[in-house]
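Novice: This structure is in C-alpha cells; I'll ask about it shortly.
The values are calculated or read from the model by the stated rules, or taken from the named source; none is laboratory data. Computed from a predicted model, the values in this text were never measured in an experiment. For neighbour counting, all protein chains shown are included, and Cβ atoms are generated from backbone atoms with ideal geometry for every residue, glycine included. SASA here: full protein model, heavy atoms, side chains in, ligands and nucleic acids out. Shrake-Rupley method; radii C 1.70, N 1.55, O 1.52, S 1.80 Å.
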Amino acid sequence: MIEQALEEALAECRLTRGEFSELLVRLLDYGVICRDESQVETVLYDRFQRCEQLIREWLAPLGLRLQHDSRFQFIRVYPPGAEVPGMPDQEEPHHGGFRARLTQQEVAAILVLRIEYDKALREGQVDESGYAALSLEALELGLRNLLKMSLPDKLAERKNLLKKLRQLRLVQFTGEDTESVAEIWLRVRPTIAQFVGEEALQQLLDGQPQEEQEEDPGQRITPESEDHSLFVKAEA
C-alpha cells in the first residue's frame, strides 16, 4: 500500500525512486542543501521544489522538520525538539540523538559570524545574493574582542573549523591552502541569520561592557522579521 502510494506520488512529481532517495539521503546526511553551493546541490534543490510536500510528509513521522528559504534558495532539516522559525515548538521531549554537537570553538565562531553579518547588513555591505565578505583576520579580531578567544593556532585545526562552518552552509571561503590568515576570505551566507537567533546574541551582548552597548542605543542587531531568528543550541 505504501509502495503504491509512493510510486503514484513520485509519478506526479516526475521523479524516479532513485532520484527521490538520493535527495532524501543527501538532506539527512548533510542537514542542509544550498542551491549555489555546487552543481550537485543545484540539481537537488530544483528536484526538491518538485516534491517538497512529499518530502515533508515522509519526514514528519520522524519528528524532523524542514525550513525552506526560497529567497536565498536553501533547505535545512531540523532534528526533533529544535526551534524552527515560524513554527511552534514541539511539546514532546527529545534527547538530541540527531543533533550535531558543536565544539566551544565552533559555537564561538558562529556567534561572531552572526554579529559581523548583522553589521554588514546594517551598513549595506551585502551583495545581491545576501553574502557578506569577511576576512579570517577580522573573525579572529571579533573572537578576541567579544569572547576573549582566538582561532586555533595550528593550521590543520583552523582548516577543520572552516570546513565545519562550510559543512553547515554558513560560509564559503577561498585561500584555504595558504598558511597566512590574512589571505583567507570568507563569504558569510545569509543562512547565518536563521542559524543564530536573538536569545543567543543577546546573551553575548549582555556580557559586553556598558559603554559598548550604549554606542547605538535602541539599535536592533537582527532583521525585523522574526523569520530570521533561530539558534540550534549545542548540547551541554
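Novice: Taking a 1.4 Å probe, which of T174, T42, T103 shows the most accessible area, and what order do the others take after it?
Specialist: T174, T103, T42
Novice: Taking all protein chains together and a probe of 1.4 Å, list E12, E183, E106 from the most accessible to the least accessible. Mind dumping the intermediate values first?
Specialist: Working: E12 150, E183 110, E106 25 Å².
Highest to lowest solvent-accessible surface, that is E12, E183, E106.
Novice: Okay, moving on. Would segment 100-178 count as rounded, prolate or oblate if I go by the C-alpha gyration tensor, calling it rounded below 1.5 in a/c and otherwise prolate when a/b exceeds b/c, oblate otherwise?
Specialist: In terms of gyration-tensor shape, prolate.
Novice: Assuming 0.36 nm per residue, please report the length gained on full extension of the stretch L141 to Q167 beyond their Cα-Cα distance.
Specialist: 7.1 nm
Novice: Another question, then. For V43, V77, V196, what's the largest-to-smallest order of accessible area, 1.4 Å probe?
Specialist: I get V43, V77, V196, largest accessible area first.
Novice: Based on the Cβ-Cβ distance from A60 to T174, what FRET efficiency comes out when R0 is 45 Å, to the nearest 0.05?
Specialist: The calculated FRET efficiency here is 0.70.
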